There are 2 protein chains.
Amino acid sequence: MTPVLNRLAVATGRVVWFTGLSGAGKSTLAQALRDELAARGAAVELLDGDAVREHLSRGLGFTREDRDTNIRRIAFVAGLLARHGVTVLVSAISPYRETRREVLATLPNPSEVFVDAPLAVVAERDVKGLYRRALAGEIPHFTGISDPYEAPETPDLHLRTDQLSVEEGVRRLLVHLGYSA
Amino acid sequence: MTPVLNRLAVATGRVVWFTGLSGAGKSTLAQALRDELAARGAAVELLDGDAVREHLSRGLGFTREDRDTNIRRIAFVAGLLARHGVTVLVSAISPYRETRREVLATLPNPSEVFVDAPLAVVAERDVKGLYRRALAGEIPHFTGISDPYEAPETPDLHLRTDQLSVEEGVRRLLVHLGYSA
């Protein structure tokens, strides 16, 4: 019975919203946190912006309106899951401060996590080769280059991924969520 | 602890998919079943086609392609919830047999429930006044009038709402789901 009781002890749903530039490390941190929470018996789900876009928003582009629609859809799904006790991790650039504020206000126990690395660092990492293309003008509406990124002013957690290891980031997330690290 | 243990006893997620003409009684039955399951302590969620369309598919129309996209989005969300132990009730016209077959095959413990009443009966009921308008040619792509409805050939449950009360329908649903009625 112990795993079940552990799970019940953290059965209140919540949403942890990772925002930041492409390549800042949102998905890496979210995946590592998901694995850690799952190992501890929590009900956890990761909604990754790119994957969810494919399922819920194919055909939408990257104008502000289309990005906001995608974010609201992710939030709708996150809310349904959290209502049933799931810890939902959302990894999405979600560049607009007002839109994040609006959707987080609708969610149970929301946390805004700013996954932060300087533009110069993520453009240098360029994991997916997108910054090179964006800087060459090949990708319109690319956040940080040709589209704005509005950093959180008062995030619940601010993780500088150019200064912290993934392990340290996960440790801070666990502490923030009330787990022993 | 008793309610918690009861809930754990039925914690396997599943999806009950109500298909049928507009006005056949899908939402009425799904709402009554939801209330009954919730009263028994089950984790249950109702995804109503019209409501979900507003959240996930605004801008989509009623062509076959757009309807199918909407159905796939509902199924994606239903699958996420069911994976976390929720009994998900989907109420959606979902007129195309092949699309229902395709999405139900992706879902855990799916049941296809055919909520059936003759077109003459639902057009006569005309709860939302839509059949009158569709018959007057004012609504293109109206299922049963100007768009096809492909009835399930081998539904898991077939409820004739012109012959059964809501209470009897719920009783049969409960039995199908393995509950005492």
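Taking A:T106 and the conditions (1) surrounded by 15 or more Cβ atoms within 10 Å (Cβ to Cβ); (2) at pLDDT 95 or above, which numbered condition does it fall short on, given that it satisfies the others?
The single condition A:T106 does not satisfy is (1).
Sort out which residues of region A:57-72 are assigned to a helix (DSSP H, G or I), within 13 Å of chain B (Cβ to nearest Cβ) and out of contact with any Ser or Thr (no Cβ under 6 Å at 6 or more places or on another chain), and write them in order of number. Break it down stepwise before answering.
So in region A:57-72, the residues assigned to a helix (DSSP H, G or I) come out as A:64-72.
From what is left, the residues that are within 13 Å of chain B (Cβ to nearest Cβ) are A:65-66, A:68-72.
A:E65, A:D66, A:T69, A:R72 - these are the residues of region A:57-72 that are assigned to a helix (DSSP H, G or I), within 13 Å of chain B (Cβ to nearest Cβ) and out of contact with any Ser or Thr (no Cβ under 6 Å at 6 or more places or on another chain).
Within region B:61-72, track down each residue that is open to solvent by 40 Å² or more (accessible area, probe 1.4 Å) and either of a type in the set (D, E, K, R) or touching a strand residue (DSSP E or B) at 6+ places or on another chain (Cβ under 6 Å) (or both).
B:R64, B:E65, B:R72
Only one of A:G85, A:G79 is of a type in the set (G, A, S), more than 9 Å from every other protein chain (Cβ to nearest Cβ) and either at positive phi or open to solvent by 10 Å² or more (accessible area, probe 1.4 Å) (or both); which?
Selected residue: A:G79, the only one of A:G85, A:G79 that is of a type in the set (G, A, S), more than 9 Å from every other protein chain (Cβ to nearest Cβ) and either at positive phi or open to solvent by 10 Å² or more (accessible area, probe 1.4 Å) (or both).
Which residue is surrounded by the fewest Cβ atoms within 10 Å (Cβ to Cβ), if the candidates are limited to region B:6-60 and must be among the β-branched types (V, I, T) and at pLDDT 95 or above? Don't jump to the end; show me each part of the working.
We begin by selecting, within region B:6-60, every residue among the β-branched types (V, I, T); these are B:10, B:12, B:15-16, B:19, B:28, B:44, B:52.
Of the ones still in play, those that are also at pLDDT 95 or above are B:15-16, B:19, B:28, B:44.
Working: B:V15: 25, B:V16: 29, B:T19: 28, B:T28: 18, B:V44: 22.
The selected residue is B:T28.
Could you please give the count of residues in region B:112-140 that are under 27 Å from B:V15 (Cα atoms) and either open to solvent by less than 80 Å² (accessible area, probe 1.4 Å) or in contact with a Leu (Cβ under 9 Å, 6 or more places away or on another chain) (or both)?
9
The values are calculated or read from the model by the stated rules, or taken from the named source; none is laboratory data. Bear in mind the structure is a predicted one, so any value in this text is a computation, not a measurement. Reconstructed Cβ throughout: ideal geometry from the backbone, glycine too, with neighbour counts over all protein chains shown. Remember, those area values only see protein heavy atoms, side chains included, never the ligands or the DNA or RNA. Shrake-Rupley method; radii C 1.70, N 1.55, O 1.52, S 1.80 Å.
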